[in-house]
């Protein structure tokens, strides 16, 4: 079953506001999951992946801005959806539920809290 969410608040992990918060403040994403397959649709992008810890079945897309390949390993760890971009050691993008909110940590850049849309 699809899940829609929208932002509640956003801030940099170092407590400063994002340089351009407008892109994140109006962010809406649809998340679908069936077993280890996850599909996230947002801002005209579709990330379709398997959470099996391999680059082969992870996110294999191209960047809209310049066509660069995007390769990301996907896992579930203790109930947290974890994305680790290949070639960027130590960088993680996570999504986890805290109560009724989805907390989206985008590496060292920002943390957003999203709510389910009716």
Check: Mind checking which residues of region 27-65 are farther than 17 Å from residue 96 by Cα, more than 15 Å from the chain's Cα centre (by Cα) and without any contact (Cβ under 8 Å) to a residue 24 or more places away in the chain?
Finding: 52, 53, 54, 56, 57, 62, 64, 65
Checklist line | Residues (in contact with a strand residue (DSSP E or B) (Cβ under 7 Å, 6 or more places away or on another chain), in a strand (DSSP E or B) and either loosely packed, with under 11 Cβ neighbours inside 10 Å or free of Cβ contacts under 8 Å to residues at least 12 places away in the same chain (or both)) located in region 66-77 | finding: 69
Notebook entry, point to check: How many residues, within region 78-103, are assigned to a strand (DSSP E or B), under 17 Å from residue 40 (Cβ atoms) and free of Cβ contacts under 8 Å to residues at least 40 places away in the same chain?
Noted result: 10
Next item on the list: Go through region 34-48 and count every residue that is farther than 11 Å from residue 76 by Cβ and in contact with a strand residue (DSSP E or B) (Cβ under 6 Å, 6 or more places away or on another chain).
Entry: 7
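Bear in mind that the values in this text are calculations on the coordinates, not laboratory data. Everything numeric here is computed off the predicted structure, so don't read it as measured data. Positions of Cβ are backbone-derived with ideal geometry, glycine not excepted, and every protein chain shown enters the neighbour counts.
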